[in-house]
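What follows is a single structure, written as structure tokens, with notes after it.
The values are calculated or read from the model by the stated rules, or taken from the named source; none is laboratory data. If you're wondering where the values come from, they're calculated on a predicted model, not measured in any experiment. Here the Cβ positions follow ideal geometry from the backbone for every residue, glycine too, while neighbour counts run over all protein chains shown.
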């Protein structure tokens, strides 16, 4: 029998989901004339109070990004607060993706010599994340930034710096961080009330990340031995046979090998990325697949953790989409181009 606190968590996730923008809302926001029009349209619901504190005469996309990220974190932390044990331990591990994303953004900036400020990151309270993001940003080099992770679960990321430099990409660093992240998430599944559903969801995510990193490494021309180090476990629908076929595939046959996997139906999402040789397009396609999958799981598991996991991802995608549109409006990017990335 499910506890009252568990039922309350699911109920709150349903109630909070009514605050989210839907697909039509995002299309309407993409159609707004300029940044000021966008601000007028988005200044409602959970965003009204924080945006109301900004000066409308000089508002910037960066200021809006800070608002959107703060609302995202407020939503995330609230759900963690009302979650009962052992669900709260799983959700804490699952939402560490935010922490990982922040670390990735800093390492990518250091790797490519880009400027970054703390306000560009998702603001996490010290009660949630003990990583000193400010110190990492101020570090003089990538190696110095990584040293600041020495006493965290990500401490071995520095072992992949030389490989990243060899291939001119942060993919090796990102793959390591994802491997640590999912290894931690998997530990908390077996005690959950909906462990079967959650196991399938996390397995699906791991399969997608495997596909992403395998294809990304192939685009970089990395050897099979290096790609094998990237593989995440446990597998869901991908088996060793499918993985090995992908690893052995040449660039010109990679799409065929992808189509032979249980995810062949999603080949259209990555075909263009393969044709363009774009890791960014590949990640966008993979994220879109995940978003659609989680939405279907929220419908099929509306009274369980499948819905909660969808909600946690939905608030992240809302944050990302709103920030994307804000910067696009500030740069006067046409509506047609904005719709390609939200």
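Checking each residue in the range 21-55 for being part of a loop (DSSP other than H, G, I, E, B), free of Cβ contacts under 8 Å to residues at least 40 places away in the same chain and touching a helix residue (DSSP H, G or I) at 6+ places or on another chain (Cβ under 8 Å) picks out 43, 54. Yes or no: residue 188 under 30 Å from residue 152 (Cα atoms) and either under 22 Å from the mean Cα position of the chain (by Cα) or not assigned by TED's automatic domain parsing to the domain that holds residue 95 (or both)? Considered against the rule, which asks whether it is under 30 Å from residue 152 (Cα atoms) and either under 22 Å from the mean Cα position of the chain (by Cα) or not assigned by TED's automatic domain parsing to the domain that holds residue 95 (or both), residue 188 comes out as yes.
Could you please let me know if residue 113 is closer than 26 Å to residue 289 by Cβ and without any contact (Cβ under 8 Å) to a residue 12 or more places away in the chain? Spelling it out, it is not the case that residue 113 is closer than 26 Å to residue 289 by Cβ and without any contact (Cβ under 8 Å) to a residue 12 or more places away in the chain. Only a single item in (1) buried (at least 20 other Cβ atoms within 10 Å of the Cβ); (2) within 17 Å of the chain's Cα centre (by Cα); (3) over 25 Å from residue 306 (Cα atoms); (4) at pLDDT 95 or above is not met by residue 108, and it is number (1). Looking at 99, 57, 49, 85, just one residue is modelled with pLDDT of 95 or more and either more than 23 Å from residue 341 (Cβ to Cβ) or assigned by TED's automatic domain parsing to the domain that holds residue 294 (or both), and that residue is 99.
What about residue 248, is it in the same structural domain as residue 268 (by TED's automatic domain parsing) and modelled with pLDDT of 90 or more? Yes.
Scanning for something crowded, with 18+ Cβ neighbours inside 10 Å, in contact with a helix residue (DSSP H, G or I) (Cβ under 9 Å, 6 or more places away or on another chain) and closer than 26 Å to residue 189 by Cα, does the range 241-249 turn up at least one residue? Checking the range 241-249: at least one residue is crowded, with 18+ Cβ neighbours inside 10 Å, in contact with a helix residue (DSSP H, G or I) (Cβ under 9 Å, 6 or more places away or on another chain) and closer than 26 Å to residue 189 by Cα. Exactly one residue out of 338, 333 is buried (at least 18 other Cβ atoms within 10 Å of the Cβ), over 20 Å from residue 205 (Cα atoms) and more than 18 Å from the chain's Cα centre (by Cα): that is 338. Those helices (runs of 4 or more DSSP H) of the range 273-342 in which 2 or more residues are free of Cβ contacts under 8 Å to residues at least 12 places away in the same chain and not assigned by TED's automatic domain parsing to the domain that holds residue 56 occupy 279-300.
When the range 227-240 is examined, which residues are found to be assigned to a helix (DSSP H, G or I) and exposed (fewer than 13 other Cβ atoms within 10 Å of the Cβ)?
Going through the range 227-240, the residues assigned to a helix (DSSP H, G or I) turn out to be 227-230, 240.
240 - this is the single residue of the range 227-240 that is assigned to a helix (DSSP H, G or I) and exposed (fewer than 13 other Cβ atoms within 10 Å of the Cβ).
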